[in-house]
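For reference, the structure is listed below as structure tokens.
The values are calculated or read from the model by the stated rules, or taken from the named source; none is laboratory data. Remember, it's a predicted structure, so these values are computed and weren't measured experimentally. Reconstructed Cβ throughout: ideal geometry from the backbone, glycine too, with neighbour counts over all protein chains shown. Heads up: the accessible areas ignore ligands, DNA and RNA and are worked out on the full protein's heavy atoms, side chains in. Shrake-Rupley method; radii C 1.70, N 1.55, O 1.52, S 1.80 Å.
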Amino acid sequence: MSLTYPEHRRREQLRDQFRAVLAMAMEQRSARRTYVETSNGTQTLEWVLFEREVMLAAINRARAETGRAPVRIEEVVRAEEQAIGHVDYAMKFSLYCADLVSCA
């Protein structure tokens, strides 16, 4: 992806904004330790679903500010899955979420 300088700055700003949003959501992990059944019948920790929903809302707010249609939760899940395993998971997840604002 080739970005102009203003686009690169906006991406960095969004990444930082989303990192702050994610950090606040992560603070609730200890209160959301139960497993819940997902729509496809698998069991997932409640905090995982909560963080995805929080990020989805933040992404779609940013997209709405620029007149873009909302993204679906599946796109947020893909962004999260790309970040899993990285030592800087939160930063990568936030960056991939920033990419969803201008892409998709």
(message) What's the total number of residues in region 19-60 that are over 15 Å from Val77 (Cβ atoms) and of a type in the set (Phe, Trp, Tyr)?
(response) 1
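So which residues in region 46-104 are among the β-branched types (Val, Ile, Thr) and not in a helix (DSSP H, G or I), if there are any at all?
Hits for region 46-104 are Thr66, Val71, Ile84, Val87.
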(request) Kindly indicate whether any position in region 47-60 is of a type outside the set (S, T, N, Q), in contact with a Pro (Cβ under 9 Å, 6 or more places away or on another chain) and surrounded by fewer than 14 Cβ atoms within 10 Å (Cβ to Cβ). (result) no
(message) Restricting to region 1-30, count the residues that are in contact with a strand residue (DSSP E or B) (Cβ under 9 Å, 6 or more places away or on another chain) and polar (S, T, N, Q).
(response) 0
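If I ask for residues that are of a type in the set (Ser, Thr, Tyr) and either within 25 Å of Ser39 (Cβ to Cβ) or in contact with a strand residue (DSSP E or B) (Cβ under 9 Å, 6 or more places away or on another chain) (or both), which ones from region 56-93 would you list?
Just the residues of region 56-93 that are of a type in the set (Ser, Thr, Tyr), to begin with: 66, 89.
The one that is of a type in the set (Ser, Thr, Tyr) and either within 25 Å of Ser39 (Cβ to Cβ) or in contact with a strand residue (DSSP E or B) (Cβ under 9 Å, 6 or more places away or on another chain) (or both): Tyr89.
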(message) Checking the structure you have, find out if any residue of region 44-52 is touching a residue at least 40 places away in the same chain (Cβ under 8 Å) and acidic (Asp, Glu).
(response) no
(message) Being open to solvent by 60 Å² or more (accessible area, probe 1.4 Å), of a type in the set (Gly, Ala, Ser) and either free of Cβ contacts under 8 Å to residues at least 60 places away in the same chain or within 11 Å of Met55 (Cα to Cα) (or both) is the filter here; which residues of region 70-104 pass it?
(response) Gly85, Ala104
(request) Using the structure shown, decide if Thr44 is out of contact with any Leu (no Cβ under 9 Å at 6 or more places or on another chain) and surrounded by 12 or more Cβ atoms within 10 Å (Cβ to Cβ). (result) yes
